[in-house]
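Heads up: the structure comes next, in structure tokens.
The values are calculated or read from the model by the stated rules, or taken from the named source; none is laboratory data. These numbers come from a predicted model, not from an experiment. Because the Cβ atoms are built from the backbone with ideal geometry, glycine has one as well, and the counts that use them run over all protein chains shown.
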């Protein structure tokens, strides 16, 4: 079946190229049938990609080791969940996932716009076809997921244990959905530029796609952070690693885009800015995909020079050149239709928020590419670390959070200054109260930046609550409805606005968690023998006993050996038990001794975290298996040729030896306050995005429409 | 103030802000950066961020200390490293690592917790 | 062998799907239809803005004078859109009922 898969990709490539040609021809000659054919070509690409993807998944699920990819990345003892997700752990498989998602999104948007945007859609089809063709070309030409092995091995290499974590497996599809989602507004922006229809129509048609992409990308970033937090290395959720930054940058610019398109929809302003932003977002998304594969930047994720780095670079260069060229040539069509009425308006503050977000992105871009920049300028390769990023990002983040509170308070076009003063009384009071409370009852003053952030968060939450309150009150005076009904109606009819406010609240809560956990965490590294204890952050931690388990650990990763510890943690009347462990996977290296290889393969830390609303207690263990070195080497010599079940017995005996008489183990304990609010805040933001993206019911619209059109029509006849 | 002058003023303010940001970027990054270098290039007297491979057979865990030798990616000369702190999961002989510290008496004394190990190849044809 | 066969079969299937629309020849793109759809969308967006402005006024963000001025501007823009719509639909300005 691998041949069928390869054929699907080859035909898909040709079909994508046809889509480009047919759509452009149809657009230029105004022949609808060619446009329709081009659109169908994209539908075909989607069908072929899905088919290819299904074939690949099937191969993984039945552990068909004639597929090179399956032999590399899976094994018969990999749990089913990880078999399914191992597909995109490989380069080839992830490219196929990208194309599949892209073609599905393209199908969706082209189907929805098949009767509208007649001038723009064909060119958008062509752009989407080009992008799909590029990724398909990468697979057909260089990284074919359907490569077969002449002599299939009996057993696969298995999924790298570091990747056997649920968050880590869902993280790539989320990120790719985000990247792919942004290609839709990008394609329509290019189409709008080519077709000279630079009004707000391309925005209206692709707004939801941009929002969905933004949501998925944000979720993907958070999943990555969550994975980072629960894996050893640092117990932190963000390290300003180039690959992390590569996914954050398009998200930041995408956020700016979501705001500035509203300005174009309402006032016809910022046209040049918007097309530039979406081109930048898409370029950064491509760069995000590329950075993971190129090895040009040293990072914990750098996977070494790969075979497709150059091609990506060429494609990104092409995208930048075409975007810039089009924008410059179409400048006359991108003139603003209106001017800024007042600085106290949503438009002005959206522009400000855009500047801050783009500024953040530029800072991160600079820091991420600094090794290359410094090498170009001074000849030596230098890099900047987390302290530099934190120093520059913190003030910008503070301004951003403040703006998320001011934006909702304003109105379009202008706000009466006196009214503004009245409206800000409650939120400013809330901020002052928060400030006083924090100064009086907590040690928050030790970190001025965190203190400021807490106050701004209080401000934002107060603003959002007030908006909901005042809106409901206003609605009640207009319609006399009851409280709950008025609130439901208010948010139901203004989903974009109130969904947006909810997102702001979520982001504020997220920053609350970030500020608290980064400034006020407590950490200790200790060596303990059973019975020893230590104190951290008011907690008493006692190492009760060691554990040793074989074959089948709680995280479902299918690990052979698991050495761990059981610790009692007490504070006041509270008591909980933590069981961190370390998994040792067998190494396939034949040069190691028969028993040593069980201990010399990959090892992962299975951290135990006690989640809490006020603070997380995080514990990791590093058992000292050095004491077993002697017995292991003895066993290597004695049992060099023993069959598998005898080996298992020996390993079990060694494990029991560790458990009954464990040498001191190294522990790292971290108590970080309010970390869980980062995830909660993110969840609230996602919820808000869903509310904002949810389509309004047609019936209600029609009723309102006829009411208003009657009124406007009256005036028309009077005019 | 007439609208045209208002716009000019806003433009000036925006450009000034951009200039300030750029200056902050350039100044802080060049002064706060650490130089990446190879093990064969380290000299005593200043701190380096060294990238290299862990020499096979050189890893010794003694209590809290980790000792190993680090060599150039494409070379054989190696430098002994004394490290305390968190050891990342992928750390293993033959792997590429990044560690910051200073050369003292012939041993590269590493900063605490500065050891970073690159994830094993996920995206290259093995 | 399997590859070549699959190639042929898939190519044939795709070619059929892509060729079907091409049988309907000579349907010119009507510029009017596009403009109609775009103007309708713009009209709905404008109505939403009028509603939002009223809500903003009731919530106290806009004083009565400010709101009147904004409302006036928005309605004028709405009227303009309706005029352009009517011109395309070839009707004289009356109370607008929508399709």
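Could you tell me whether the stretch A:398-409 includes any residue that is outside any helix (DSSP H, G or I) and over 22 Å from the mean Cα position of the chain (by Cα)?
No, every residue in the stretch A:398-409 fails to be outside any helix (DSSP H, G or I) and over 22 Å from the mean Cα position of the chain (by Cα).
Considering only residues that are buried (at least 17 other Cβ atoms within 10 Å of the Cβ) and more than 18 Å from residue B:90 (Cα to Cα), which ones fall in the stretch A:157-167?
Result: A:167, single match.
With B:11, B:25, B:21 as the choices, which residue is surrounded by 15 or more Cβ atoms within 10 Å (Cβ to Cβ), within 30 Å of residue A:339 (Cβ to Cβ) and either in contact with a strand residue (DSSP E or B) (Cβ under 8 Å, 6 or more places away or on another chain) or not assigned by TED's automatic domain parsing to the domain that holds residue B:100 (or both)?
B:21
Sort out for me the strands (runs of 3 or more DSSP E) sitting completely within the stretch B:1-91 that have 2 or more residues that are more than 10 Å from every other protein chain (Cβ to nearest Cβ).
B:47-54, B:65-71, B:78-84
Across the stretch B:92-119, what is the total count of residues that are within 11 Å of chain A (Cβ to nearest Cβ), in contact with a strand residue (DSSP E or B) (Cβ under 6 Å, 6 or more places away or on another chain), within 22 Å of residue B:56 (Cβ to Cβ) and buried (at least 19 other Cβ atoms within 10 Å of the Cβ)?
Residues in the stretch B:92-119 being within 11 Å of chain A (Cβ to nearest Cβ), in contact with a strand residue (DSSP E or B) (Cβ under 6 Å, 6 or more places away or on another chain), within 22 Å of residue B:56 (Cβ to Cβ) and buried (at least 19 other Cβ atoms within 10 Å of the Cβ): 7 in total.
I want to confirm something. Restricting to the stretch C:53-90 and keeping residues that are touching a residue at least 24 places away in the same chain (Cβ under 8 Å), at the interface with chain A (Cβ under 8 Å from one of its Cβ atoms) and within 18 Å of residue A:338 (Cβ to Cβ), which single residue is nearest to the chain's Cα centre (by Cα)?
Checked the stretch C:53-90; the qualifying residue nearest to the chain's Cα centre (by Cα) is C:78.
Is it the case, given these coordinates, that residue A:363 is modelled with pLDDT of 90 or more, within 23 Å of the chain's Cα centre (by Cα) and more than 9 Å from chain B (Cβ to nearest Cβ)?
No: the conditions fail for residue A:363.
Out of everything in the stretch A:654-683 that is closer than 15 Å to residue A:546 by Cα and in a helix (DSSP H, G or I), what residue ends up being nearest to the other protein chains (Cβ to nearest Cβ)?
A:658
For (1) away from chain B (no Cβ under 14 Å); (2) under 28 Å from residue A:164 (Cα atoms), each residue gets a yes or a no:
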position: A:499; (1), (2): yes, no
position: A:520; (1), (2): yes, no
position: A:538; (1), (2): yes, no
position: A:565; (1), (2): yes, yes
position: A:578; (1), (2): yes, yes
position: A:584; (1), (2): no, yes
position: A:588; (1), (2): no, yes
position: A:600; (1), (2): no, yes
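Only one of A:102, A:110, A:136, A:159 is modelled with pLDDT under 85 and in the same structural domain as residue A:3 (by TED's automatic domain parsing); which?
Of A:102, A:110, A:136, A:159, the one residue that is modelled with pLDDT under 85 and in the same structural domain as residue A:3 (by TED's automatic domain parsing) is A:159.
Specify which of the listed residues (A:375, A:347) is in a helix (DSSP H, G or I), touching a strand residue (DSSP E or B) at 6+ places or on another chain (Cβ under 9 Å) and more than 8 Å from every other protein chain (Cβ to nearest Cβ).
After applying the criteria, what remains is A:375.
Here's a check for you: in the stretch A:391-428, which residue that is touching a residue at least 60 places away in the same chain (Cβ under 8 Å) and within 30 Å of residue B:32 (Cα to Cα) is surrounded by the fewest Cβ atoms within 10 Å (Cβ to Cβ)?
For the stretch A:391-428, the residue satisfying everything is A:397.
Evaluate the stretch A:169-192: report whether one residue or more is assigned to a loop (DSSP other than H, G, I, E, B), out of contact with any strand residue (DSSP E or B) (no Cβ under 8 Å at 6 or more places or on another chain), buried (at least 21 other Cβ atoms within 10 Å of the Cβ) and within 14 Å of another protein chain (Cβ to nearest Cβ).
no
Hey, does the stretch A:74-81 have a residue that's part of a helix (DSSP H, G or I) and in contact with a helix residue (DSSP H, G or I) (Cβ under 7 Å, 6 or more places away or on another chain)?
no
What do you reckon, is residue A:154 more than 16 Å from residue A:195 (Cβ to Cβ), in contact (Cβ under 8 Å) with a residue 24 or more places away in the chain, assigned by TED's automatic domain parsing to the domain that holds residue A:25 and crowded, with 24+ Cβ neighbours inside 10 Å?
Against the criterion (more than 16 Å from residue A:195 (Cβ to Cβ), in contact (Cβ under 8 Å) with a residue 24 or more places away in the chain, assigned by TED's automatic domain parsing to the domain that holds residue A:25 and crowded, with 24+ Cβ neighbours inside 10 Å), residue A:154 does not qualify.
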